[in-house]
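The values are calculated or read from the model by the stated rules, or taken from the named source; none is laboratory data. No experiment lies behind these values; they were computed from the predicted model shown. For neighbour counting, all protein chains shown are included, and Cβ atoms are generated from backbone atoms with ideal geometry for every residue, glycine included. With ligands, DNA and RNA removed, areas are computed over all heavy atoms of the protein, side chains included. Shrake-Rupley method; radii C 1.70, N 1.55, O 1.52, S 1.80 Å.
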Amino acid sequence: MQSVSNYSTTRGWSKSKKACMTTLGVLAGGAGALLYALESSYVQAGDLELHPPHLKWSHSGLLDSFDHASIRRGYEVYKNVCAACHSARFICYRNLVGVSHTEAEAKREAEEIMVEDGPNEKGEMFKRPGKLSDTFPSPYPNEEAARAANNGAYPPDLSYITMARHGAEDYVFHLLTGYMDPPAGVQIREGLYFNPYFLGGAIGMAQALYNEIIEYEDGTPATQSQLAKDVSTFLKWCGEPEHDTRKRMAIKAVGLMTILTAALFYLKRYKFSSLKTRKISYKPSSKDN
Amino acid sequence: MALGNTVYNLLFKKTSSFMLTVAVGAFAFERGFDKLTDYVWESHNKGKLWRDIKDKYE
């Protein structure tokens, strides 16, 4: 410390000048911190919609994998409920293999749909049962048909929906369970429904999930919140299928980096020990020898 | 330092055996490290992974 203060550029300053500069610095730093805090705070008083609170998902933690039984149930919900209006055209049946279904099961799922293929040798298109490489079917041939069937609202493709909305799976869960009567004074147009989590509050999708609307093959009680939780987990997997691999690699990366850090720390101390302990002596030569 | 000397003479002294030690050591380390980290992952997430539930469907 002593030698540092000897070289300081403020050595010649008077006491009052030092106090003045310190105050200035603290004020400038404080103002910067305040600006940053305001900028990144979640208070958005301009909007009226509710921001979904964070839920504790089974995959929330740094080392937590997806609950694959939940993905499987979520697929059931998607297939039996959501797929009536929504497409998920970036997901193939083969993606289910080793995640929520065995290969034989995924093949059976795929064979349930009919896919247009062709042309055959006569130049005609034909229908065939789905294969593992086929994508999930779309309920409407195009966006116009989808809008026409849904009062002008377009049910978005659900493949990447958790990546495309603030709040991700928290948002999907609350959207599906958040339907309620509009509060006094709020007018909702015919064909729209009140949902405080949706931007603007009036959504073109009717409430889709009710208790016992489907029966789970594994016997889990199909309450509304269970259905919403499972389909949200499934959609999270659709959007981030690499999620489990990513976290598994994180364990490996952190472990390896820790070992390397320790080794490098030792190497640095080892190499510097001789440099730091050396003394340089200078012996001026005099004219007489 | 007897052990250190033996290791040095046997493994590190000749460039050829040194390179072989590096290659074999890397392989052995990787196997062990992967086993360990996969064990951490699989025991931490026991019951949630596909490998834990797939027996029900096969």
In Å², rounded to a whole number, the accessible area per residue of chain A with probe 1.4 Å is 67
Interface buried area B-A, accessible surface with 1.4 Å probe, both sides summed, nearest 100 Å², comes to 1700
The answer for chain A, counting only DSSP H helices whose Cα atoms cover 30 angstrom or more along the axis and whose Kyte-Doolittle average is 0.0 or greater, is A:15-40, A:243-276
Normalised Cα Rg of chain B, dividing by 2.2 N^0.38 Å with N its residue count, works out at 1.92
Checked against the positive end of the charge dipole of segment A:45-124 (+1 on Cβ of Lys and Arg, -1 on Cβ of Asp and Glu, about the Cα centre), the farthest of A:His51, A:Ser65, A:Ala110 is A:Ser65
Straight-line reach check, A:Lys107, cutoff 19 Å on alpha carbons, 8 or more apart in-chain or any other chain, hits among aspartates and glutamates -> A:Glu76, A:Glu116, A:Asp117, A:Asp134, A:Glu217, B:Asp55, B:Glu58
Treating only Lys and Arg (+1) and Asp and Glu (-1) as charged, each at its beta carbon, one finds that segment A:54-159 has a dipole about its Cα centre, in Debye to the nearest 20, of 180
Answer in debye to the nearest 20: the dipole magnitude of chain A about its Cα centre, from +1 Lys/Arg and -1 Asp/Glu charges placed on Cβ, is 3500
Heavy-atom accessible area of segment B:3-56 with neighbours in place, 1.4 angstrom probe: carbon+sulfur share in percent works out to 66
GNM on chain A, Cα springs under 10 Å; top mean-square fluctuation among A:Val186, A:Val81, A:Val115 goes to A:Val186
Result for chain B: accessible area per residue, probe 1.4 angstrom, in square angstrom, of 79
Candidates A:Ala84, A:Ala222, A:Ala28; GNM for chain A (alpha-carbon contacts under 10 Å) flags as most fluctuating A:Ala28
Restricting to lysines and to Cα separations under 24 Å from A:Lys229, and discarding same-chain partners fewer than 8 apart, the set is A:Lys56, A:Lys79, A:Lys247, B:Lys46, B:Lys48, B:Lys54, B:Lys56
Answer in debye to the nearest 20: the dipole magnitude of segment B:3-56 about its Cα centre, from +1 Lys/Arg and -1 Asp/Glu charges placed on Cβ, is 60
Taking chymotrypsin sites (Phe, Trp or Tyr not before Pro) as exposed when in a DSSP loop with at most 13 other Cβ atoms inside 10 Å, chain A has its longest clean stretch at A:43-209
Longest chain A segment clear of GluC sites (Glu not before Pro) sitting in DSSP loops (not H, G, I, E or B) with at most 16 other Cβ atoms within 10 Å runs A:125-189
Which of A:Thr162, A:Thr261, A:Thr277 fluctuates most in a GNM of chain A (C-alpha springs under 10 Å)? That residue is A:Thr277
